[in-house]
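The values are calculated or read from the model by the stated rules, or taken from the named source; none is laboratory data. Small disclaimer: the values here were computed from a predicted structure and weren't measured. Virtual Cβ from ideal backbone geometry, glycine too; neighbours counted across all protein chains shown.
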Amino acid sequence: MAINKPNEVYWEEKVGFSEKAWVLLSIVACIVMFMVMVAWAIAGKQNPPNEAYRVSIPSFAERAEAFIEKYKVDEENGIPVVEAPEDEDSYLIARMFYFSPVLILKQNQTYRIRVSSLDVQHGLSIQPVNMNFQVVPGYEYVLTIKPTEKGEFLIVCNEYCGLAHHVMKGKIIVK
Amino acid sequence: MAEVLVEARTCPVTGLRVVKHAENLIKVNAVFAVLALLFGTIGAILIALTRWEAIHLLPTDLFYRMLTFHGMNMLVFWIVFFEGAGLVFASTIVLNARQVAPKLGYLAVILMILGFLLTNFIILTGDVNETAVMFTAYVPLKAHPLFYLGYILFAVGALIMCILFFLNVYNAKREGTYEGPVPLFTYGIAAAAVIAVFTLVHGALALGSAFLWSLGIIEVVDASLYRLLFWGFGHPAQQINLAAMVSVWYLLSYFTVGGVTPSEKVSRTAFLLYVLFINAGSAHHLLVDPGFGAPWKIFNTSYVIYMAVLASLIHCFAIPASAEIGQRKRGFNKGLFTWLIKAPWSNPAFSAFFISLVIFGFIGGASGVIMGVEQINMKLHNTLGVPGHFHGTVAAGTSLAFMGLAYYVVPLIFRREWLSKFWARIQPFLFGGGLFLMAVSMNTLGRLGIPRRVWETSALVVPYKELLQATLGIGAVVAFLGALVFILHTVLTIIFGKRVEGKPKFPEVVQVSNPDEKTSTPGTIVLAIIFFLYLAIMYTINWYWLSRVWEVR
């Protein structure tokens with residue numbers, strides 16, 4: 001009937017029982033899925049962070065460099081290694097084509113990490129735990145994060161950022 | 001009303017009046033759709049064989065160039081050209097009406113062709129730093145101005161096509177060529193056209209500002225605002241496809257087995273839900289972005305309490321039910337599934353229709369609902385799971401459904417007999433089967449953390465990575481063959497095929513004598529329940545996976 005005129009009073013035709021039941025089941029599923037999302041936002045432990053600020057790129061770069069200078073403990077392949085303080089915000093810079101610094105975190109300790117880009121958009125992808133966030137220049141994203149396992153974690157960029165996009169890496173060490 | 005004299009013929013199969021100008025527009029759109037599909041297909045195989053890192057075919061810059069080329073041709077040009085043809089068909093031939101302002105119609109299609117040529121030219125020949133910017137072209141990654149200009153010209157052409165659609169429908173009513181409620185197909189395409197209008201306006205805002213910025217006329221485009229506007233275009237653009245594809249499914253179930261929807265009222269309500277709520281889905285791309293709060297994200301990503309998902313669930317029942325009703329009326333009435341087993345699987349339009357329906361639901365639809373959960377998105381954003389999802393929806397779903405329709409367009413509009421029944425019959429299985437394997441591999445790799453849009457992933461140690469990359473690559477090769485068979489067969493048929501005299505011999509159009517009669521649909525009830533359980537299990541598993549990651553807020 002898809003190309004023919006429907007019954008003029010199609011709006012008054014009765015809907016079959018099974019289709020009615022299916023629509024009802026679907027509506028219930030929709031409401032449940034919505035409520036689950038709301039409930040997890042209130043009580044769940046993994047939620048996309050809500051805290052973000054508009055920043056100018058130079059201001060972010062300046063604060064991040066000062067942070068690195070203050071807490072730097074080592075250097076690895078030219079990238080500073082920083083022991084993240086427990087009572088102060090940490091910084092993570094994304095730029096073509098690396099993340100800086102390498103952050104040393106403690107297991108089960110909560111950190112506030114301020115992330116932004118100094119050039120184009122990047123993707124902050126922590127592997128293999130597989131958590132992904134968008135990094136947008138001009139916006140500072142505050143990730144309040146608690147690593148629950150020990151180890152060395154790779155950061156890869158997962159937003160295309162230029163021809164060397166695939167070499168863009170970083171590291172988080174959880175002790 | 002005075003009859004406006006227009007050149008036309010009567011279709012010997014459907015009895016519809018085919019107006020010359022409308023037919024020409026459909027043909028031009030169809031030809032360029034197939035050309036874009038060819039471009040996209042070449043890009044597809046090259047990038048898939050690079051992502052299969054055991055082969056790793058392309059060097060870096062060519063890979064990113066081809067990725068942009070593939071995305072633009074498939075997601076924008078192939079689909080929108082085909083939809084242009086659908087807009088004309090639904091608003092003229094189906095309504096027994098003429099094409100209003102035929103010159104404006106030709107202008108629209110010329111703009112689309114110019115945009116198509118310009119963008120492809122610059123992607124293939126431009127400085128790779130300015131042209132390998134992907135389909136999304138996120139600022140401040142700056143593309144060549146001609147890239148944006150081509151994009152914009154195409155969008156303006158498409159917008160004019162939409163406006164002409166509404167004028168055609170209005171005119172059909174005014175001139176009295178069509179009275180009463182419009183057919184379901186036209187209703188669905190109208191929904192697609194409404195979605196297209198606000199989609200294209202977003203596109204114009206995002207790409208227009210990026211174009212001015214690339215010329216140096218405006219100094220800065222806010223990266224986050226661009227993302228919001230771009231996805232106001234990029235996501236609903238795929239929802240135009242969704243509405244068009246669902247309309248094509250209804251049409252194909254009617255052509256192939258005489259199917260009728262169990263309830264016009266319910267099916268049409270579902271289309272209305274798409275129009276009202278689907279653009280909220282733009283938020284799917286912004287769920288782990290800075291600058292948008294949880295209430296905004298949750299409200300929008302759920303399409304306002306999943307109202308658009310509800311629409312899809314309605315179609316998920318109504319469409320197989322429609323085929324089941326048609327088959328039962330044709331006498332395949334025994335048991336639960338005789339209608340499906342004895343369906344015309346040797347009619348490529350039917351197999352394309354049903355395979356696209358199943359893959360869309362189980363791979364595309366299910367993964368989309370899961371990925372669109374605000375929290376679960378943290379595990380999937382920008383991973384291979386994203387292209388895994390939309391190769392289930394746009395490629396195996398929309399593209400295959402459109403290919404199914406093309407099996408009728410060639411004999412009925414181009415008036416050529418298909419050269420080979422054999423190749424027509426196996427094509428949907430090749431294309432659908434290959435994409436199924438590929439999309440499942442991509443969805444799995446994505447869940448293991450492998451990113452999308454990346455040339456190599458050697459630093460990532462992931463279980464079964466090599467195996468899954470191989471199945472991805474093999475699936476891509478099979479799908480590539482399926483697409484190539486479709487393209488070559490279509491082109492060769494249009495050039496060398498025998499002219500159709502009277503009714504075409506293949507594929508069959510089922511004649512329905514009692515269109516208003518409906519039967520019960522026990523088989524569809526079982527299929528729908530299986531799908532529901534599958535969705536519930538997948539949804540739950542993904543929440544479990546999320547609960548294992550670090551705490552974050």
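List of remarks:
- Residue under evaluation A:SER56, criteria (1) of a type in the set (Gly, Ala, Ser); (2) over 22 Å from B:ALA311 (Cβ atoms); (3) facing another protein chain (nearest Cβ under 8 Å), criterion not met: (3)
Residues checked against (1) among the small types (Gly, Ala, Ser); (2) more than 23 Å from B:SER267 (Cα to Cα):
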position	(1), (2)
B:PHE292	no, yes
B:PHE299	no, yes
B:LEU313	no, no
B:CYS316	no, no
B:SER322	yes, no
B:ILE325	no, no
B:LYS329	no, no
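- When we screen B:ALA191, B:ALA196, B:ALA155 for residues that are within 14 Å of chain A (Cβ to nearest Cβ) and surrounded by 18 or more Cβ atoms within 10 Å (Cβ to Cβ), the only hit is B:ALA191.
- Check on A:PHE97, modelled with pLDDT of 95 or more and either of a type in the set (Gly, Ala, Ser) or buried (at least 21 other Cβ atoms within 10 Å of the Cβ) (or both): no
- Among the numbered conditions (1) in contact with a Leu (Cβ under 7 Å, 6 or more places away or on another chain); (2) away from chain A (no Cβ under 14 Å); (3) part of a loop (DSSP other than H, G, I, E, B), the only one that B:ILE474 does not meet is (3).
- Residue match in segment B:50-58 (condition: part of a helix (DSSP H, G or I) and modelled with pLDDT of 95 or more): yes
- Test: residue in segment A:91-103 that is under 20 Å from the mean Cα position of the chain (by Cα), within 14 Å of chain B (Cβ to nearest Cβ) and in a loop (DSSP other than H, G, I, E, B): yes
- Hits in segment A:156-165 - residues which are crowded, with 23+ Cβ neighbours inside 10 Å and touching a Phe, Trp or Tyr at 6+ places or on another chain (Cβ under 8 Å): A:CYS157, A:GLU159, A:TYR160, A:CYS161, A:HIS165
- Scanning segment B:83-93 turns up one or more residues that are in a helix (DSSP H, G or I) and either hydroxyl-bearing (Ser, Thr, Tyr) or surrounded by fewer than 22 Cβ atoms within 10 Å (Cβ to Cβ) (or both).
- Where B:ILE355 falls short, out of the listed (1) out of contact with any Phe, Trp or Tyr (no Cβ under 6 Å at 6 or more places or on another chain); (2) without any contact (Cβ under 8 Å) to a residue 60 or more places away in the chain; (3) more than 26 Å from A:CYS30 (Cβ to Cβ): (2)
- Any hit, segment B:6-17, residues being of a type in the set (Gly, Ala, Ser) and surrounded by fewer than 19 Cβ atoms within 10 Å (Cβ to Cβ): yes
- Filter result for B:VAL76 (within 22 Å of B:SER209 (Cα to Cα) and assigned to a loop (DSSP other than H, G, I, E, B)): no
- Any chance B:GLY84 is over 19 Å from B:ALA396 (Cα atoms) and under 23 Å from the mean Cα position of the chain (by Cα): yes
- Residues (in contact with a helix residue (DSSP H, G or I) (Cβ under 6 Å, 6 or more places away or on another chain), modelled with pLDDT of 95 or more and part of a loop (DSSP other than H, G, I, E, B)) located in segment B:410-455: B:TRP418, B:LEU419, B:ARG452, B:VAL454, B:TRP455
- Every residue from segment A:127-156 that is in a strand (DSSP E or B), under 22 Å from B:THR444 (Cα atoms) and facing chain B (nearest Cβ under 8 Å): A:GLN127, A:MET131, A:ASN132, A:PHE133, A:GLN134, A:LEU154, A:VAL156
- Filtered residue count, segment B:222-262, keeping only those that are touching a residue at least 60 places away in the same chain (Cβ under 8 Å), at the interface with chain A (Cβ under 10 Å from one of its Cβ atoms) and of a type in the set (A, V, I, L, M): 5
- Among the residues making up segment A:16-38, those that are farther than 26 Å from B:THR301 by Cα and surrounded by 15 or more Cβ atoms within 10 Å (Cβ to Cβ) are A:GLY16, A:SER18, A:GLU19.
- Considering residues of segment B:450-476 that are small (Gly, Ala, Ser) and more than 14 Å from A:HIS166 (Cα to Cα) only, the residue surrounded by the most Cβ atoms within 10 Å (Cβ to Cβ): B:ALA476
- Yes/no for B:ILE370 being outside any loop (DSSP other than H, G, I, E, B) and under 30 Å from B:GLN327 (Cα atoms): no
- Odd one out for B:ALA395, checked against (1) touching a Leu at 6+ places or on another chain (Cβ under 6 Å); (2) within 12 Å of another protein chain (Cβ to nearest Cβ): (2)
- Residue in segment B:65-86 that is polar (S, T, N, Q) and under 24 Å from B:GLY232 (Cβ atoms) present: yes
- From the list B:LEU141, B:LEU104, B:LEU117, B:LEU57, the lone residue that is under 30 Å from B:PRO181 (Cβ atoms) and surrounded by fewer than 24 Cβ atoms within 10 Å (Cβ to Cβ) is B:LEU104.
- Residue count for segment A:90-99 under the criterion of being closer than 15 Å to A:HIS165 by Cα and small (Gly, Ala, Ser): the result is 1.
- Out of B:GLU517, B:GLU466, sole residue that is in a helix (DSSP H, G or I) and among the charged types (D, E, K, R): B:GLU466
- For segment A:47-70, the tally of residues that are assigned to a helix (DSSP H, G or I) and surrounded by 11 or more Cβ atoms within 10 Å (Cβ to Cβ) stands at 11.
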